[in-house]
Structure formats: structure tokens, C-alpha cells
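The values are calculated or read from the model by the stated rules, or taken from the named source; none is laboratory data. Fair warning: this is a prediction, and the values are worked out from it, not measured in the lab. With ideal geometry, Cβ positions are generated from the backbone for all residues, glycine too; neighbour counts draw on all protein chains shown. Protein only, heavy atoms only, side chains kept; ligands, DNA and RNA dropped before computing areas. Shrake-Rupley method; radii C 1.70, N 1.55, O 1.52, S 1.80 Å.
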Amino acid sequence: MFFAKSTEIRPFELLDVIDEINGTRQELNRMERSFAAVNEDLLRLSEKLDKLIVRYYEIKRVL
């Protein structure tokens, strides 16, 4: 949505702006949840990788 520099206000423009704000807020909330899920996955994979590296060196030491 582009904003004109005019001070003229269309009927129901405030409602349109409120709808845009609410839609943007919902999208940001969805993105925040997605990022949180990705962060949890990264932490889980990092922990798994750490365990695998430790196990690799344990096996290598025996061989």
C-alpha cells in the first residue's frame, strides 16, 4: 500500500489501514513462531552433532 502525501481521507480508509496493520501483525507473529521452531531444530541438530563427534573420537581412539 502506498501512502499519498495528500491530507484527503477516503471513506473507510482508517478501516483499511487497521486491516493492513492487523494483517502485518499476524504475519509477523507467524514468522516469529517459524523462527522459534527453526531455532529449536538447530539446537537439537547441534546437540546431536556434538554427540556424534564425541562418539567418533571415542571409536577412533579404540581403533
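At a 1.4 Å probe, what is the % contribution of carbon and sulfur to the accessible area of the chain?
62
Can you give me the three principal axis dimensions of the chain from its C-alpha atoms, in Å, biggest first?
80, 18, 9
Using the crude model of +1 on Lys and Arg Cβ and -1 on Asp and Glu Cβ, and no other charge, please compute the dipole size for the chain relative to its Cα centre, in debye to 20.
Using Cβ point charges on Lys, Arg, Asp and Glu, the chain gives about 660 debye.
Can you find, among ASN39, LEU15, VAL62, the residue farthest towards the positive end of the dipole of the chain? Put +1 on the C-beta of Lys and Arg, -1 on that of Asp and Glu.
Result: VAL62.
Quick one: accessible area per residue over the chain, 1.4 Å probe, rounded to a whole number of Å²?
104
Protein chains only, probe 1.4 Å: how do VAL62, VAL38 rank by accessible area, largest first?
Values: VAL62 125, VAL38 80 Å².
Largest accessible area first, the list is VAL62, VAL38.
By how many degrees, between 0 and 90 and to the nearest 10, does the Cα long axis of helix 13-62 differ from the longest principal axis of the chain?
10
Suppose each label sits 7 Å from its Cα in the direction of the beta carbon; what would the LEU52-GLU32 distance come out to in nanometres?
Output for this residue pair reads 3.3 nm.
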